[in-house]
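Here, each number is a calculation from the coordinates, and none is a lab measurement. Source: prediction; values computed, not measured. So basically every Cβ, Gly included, is an ideal-geometry build from the backbone, and we count neighbours across all protein chains shown.
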């Protein structure tokens with residue numbers, strides 16, 4: 001498979017096989033920003049299938065950034081109840097307040113600015129840049145790491161270091177559908193290039 005064909009093939013697979021996830025709904029730009037922000041916080045250290053019902057409940061109870069910024073602690077914790085790692089919820093509220101007060105109610109559009117928000121580090125900032133702002137960035141999560149390790153047969157400690165894997169991301173190439181493409185690669189890792197019993201030959 002030539003490098004320039006990889007994005008086309010991956011996106012074709014994604015268009016026909018992607019999971020229906022509540023934060024992927026076709027909504028307004030402002031809602032997309034909010035849905036992505038909430039889902040990325042929830043997905044820190046928690047699997048997609050676990051997050052789905054909690055996300056739906058949270059969005060139903062706290063439907064936008066302004067309500068999140070103003071929600072009281074008791075209600076916030078109640079809406080997050082059962083998901084664990086409650087510091088994520090507190091940081092999410094702090095982030096909402098900072099977006100409103102310092103960024104005019106708009107999600108920051110650079111990695112540097114995003115990383116000034118509580119609870120947002122390198123991975124989450126890059127995921128937001130790709131998904132919300134359609135930037136040609138492939139966030140390096142466990143799914144992407146696994147694909148690269150298998151494609152390049154990486155085994156030893158030096159080969160599988162974060163620095164080494166970042167350099168290998170050239171393999172994926174680029175697409176003008178950067179938002180979909182980033183999600184498509186992670187989706188392949190989750191559904192096809194699985195940790196156990198991968199479906200790589202299907």
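The long axis of helix 178-191 is offset from the longest Cα principal axis of the chain by roughly 70 degrees.
With respect to the chain, whose longest principal axis is taken over its alpha-carbon atoms, helix 6-17 is tilted by about 60°.
Of the peptides 19-27, 112-120, 78-86, the ranking by mean beta-carbon count within 10 Å, highest at the top, reads 112-120, 78-86, 19-27.
With the simple spin-label model, which puts each label point 7 Å out from Cα in the Cβ direction, the residue 26 to residue 150 separation comes to 3.1 nm. Most tightly packed first, judged by the mean number of other beta-carbon atoms within 10 Å of their residues, the peptides 47-58, 92-103 read 92-103, 47-58.
What shape does region 22-133 have by the C-alpha gyration tensor, where a ≥ b ≥ c are the square roots of the eigenvalues, rounded means a/c under 1.5, and otherwise prolate means a/b greater than b/c and oblate the rest? Rounded is the answer for region 22-133, as its axis ratio a/c remains below 1.5. Shown for 152, 41: other C-beta atoms within 10 Å of each C-beta, ranked fewest to most, produce the order 152, 41.
Relative to the longest principal axis of the Cα atoms of the chain, helix 29-42 runs at roughly 80 degrees.
Considering only alpha-carbon pairs that sit under 8 angstrom and 6 or more positions apart, the relative contact order computed for region 22-133 is 27 percent.
At 25 °C and 0.890 mPa s, grab the translational diffusion coefficient of region 76-127 from Stokes-Einstein with a Kirkwood Rh over Cα pairs, rounded to a whole number in µm² per second. Diffusion coefficient, whole number: 211 µm²/s. Ellipticity at 222 nm from helices only: DSSP H runs of n ≥ 4 in the chain, each -39500 (n - 2.57), divided by the residue count, give -17500 deg cm²/dmol.
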